[in-house]
Amino acid sequence: MNADNIISNGSSTTWVEVFVLLGANLGERADNLEQARQHIGRLDDTRIVSQSGLYESPAEGMPPQTPRFLNQAVRLQTALGPRPLLDRLELIERKLGRTEKGVNSSRQIDIDILLWGDLVGTHDGVILPHPRLVTRGFALIPLAEIAPDLRYPASGATLADYITDRMRTQTLPYTASERHIPA
């Protein structure tokens, strides 16, 4: 891990910059994301630095009638390791009603670790960066909002370099007063 991703606070604690993605397509989606942020903000040895706006996108790989997802990227600083942080994030998911951790399923809340500093590979059972990050506009677009110059550790390219026109047309900014209807 290079020095750009390690934050010193003058003590012996080492803080690492981590990016997570929040997602929900069931229930009061925006409220679910807000509750997840509140829980994350209360974790020991972890603090929220910034967050993107909300973005709405179709449920990829799921039937067309599946409710659309809201997503939000969150930049954290943490002194926890990848496994302890993931365990705490999964506990938050369960507290907020997540019952299944399957791929391509509807959910009240989903919290994924996208990037952990510049780590690449499997670390304590956690694959970093997220293995499908560069193929998911619903993750790249909010992430690029809060970290436009961030580089993908496996290639050195900026995350914005991976965003396609198709991703831009399917992942749209969301406000509570509007709802994007698929074309």
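The values are calculated or read from the model by the stated rules, or taken from the named source; none is laboratory data. On a predicted model such as this, the values are computed, not experimentally measured, just so you know. Please note: Cβ atoms are built from the backbone with ideal geometry, for glycine as well, and neighbour counts cover all protein chains shown.
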For SER105, are the conditions met, namely being in contact with a strand residue (DSSP E or B) (Cβ under 8 Å, 6 or more places away or on another chain) and among the small types (Gly, Ala, Ser)?
-> no
Evaluation of ILE127 against (1) under 23 Å from ILE40 (Cβ atoms); (2) part of a loop (DSSP other than H, G, I, E, B) (one fails), failing number | (2)
Hits in the range 53-67 - residues which are farther than 19 Å from GLN35 by Cβ and among the acidic types (Asp, Glu) | GLU60
Of the residues in the range 167-183 that are among the hydrophobic types (A, V, I, L, M, F, W, C), more than 12 Å from LEU54 (Cα to Cα) and exposed (fewer than 15 other Cβ atoms within 10 Å of the Cβ), the one that is modelled with the lowest pLDDT is ALA183
Could you grab the pairs with beta carbons closer than 6 Å, sequence gap of 6+ or different chains, first residue in the range 66-88 and within 13 Å of VAL18 (Cα to Cα), second one in a helix (DSSP H, G or I) and at pLDDT 95 or above?
-> ALA73/PRO142; ALA73/LEU143; ALA73/ILE146; ARG75/ILE146
Consider LEU76 carefully, then state whether it is within 13 Å of the chain's Cα centre (by Cα), surrounded by 13 or more Cβ atoms within 10 Å (Cβ to Cβ), over 27 Å from ASP118 (Cβ atoms) and modelled with pLDDT of 95 or more.
-> no
Flag for ALA154 being among the aliphatic types (A, V, I, L, M), farther than 28 Å from THR14 by Cα and modelled with pLDDT under 90 = no
Within the range 27-67, the count of residues that are over 28 Å from THR13 (Cβ atoms), of a type outside the set (A, V, I, L, M) and assigned to a loop (DSSP other than H, G, I, E, B) comes to 11
Tally time: how many residues in the range 41-65 are on the phi > 0 side of the Ramachandran plot and touching a residue at least 40 places away in the same chain (Cβ under 8 Å)?
-> 1
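If I go through the range 68-93 residue by residue, how many of them are assigned to a strand (DSSP E or B) and either within 12 Å of HIS39 (Cβ to Cβ) or of a type in the set (A, V, I, L, M) (or both)? Show your work before the answer.
Let us first name the residues in the range 68-93 that are assigned to a strand (DSSP E or B), namely 69-78.
Checking which are either within 12 Å of HIS39 (Cβ to Cβ) or of a type in the set (A, V, I, L, M) (or both) leaves us with 70, 73-74, 76.
Number of matching residues: 4.
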Whichever residue in the range 87-123 is closer than 15 Å to LEU70 by Cα and of a type outside the set (Ser, Thr, Tyr) and, among such residues, is surrounded by the fewest Cβ atoms within 10 Å (Cβ to Cβ) = ASN104
Mind checking which pairs have a first residue in the range 124-137 that is under 19 Å from ASN71 (Cβ atoms) and without any contact (Cβ under 8 Å) to a residue 60 or more places away in the chain and a second that is assigned to a loop (DSSP other than H, G, I, E, B) and hydroxyl-bearing (Ser, Thr, Tyr), Cβ under 8 Å, 6 or more apart or different chains?
-> PRO129/TYR152; LEU133/TYR152; VAL134/TYR152
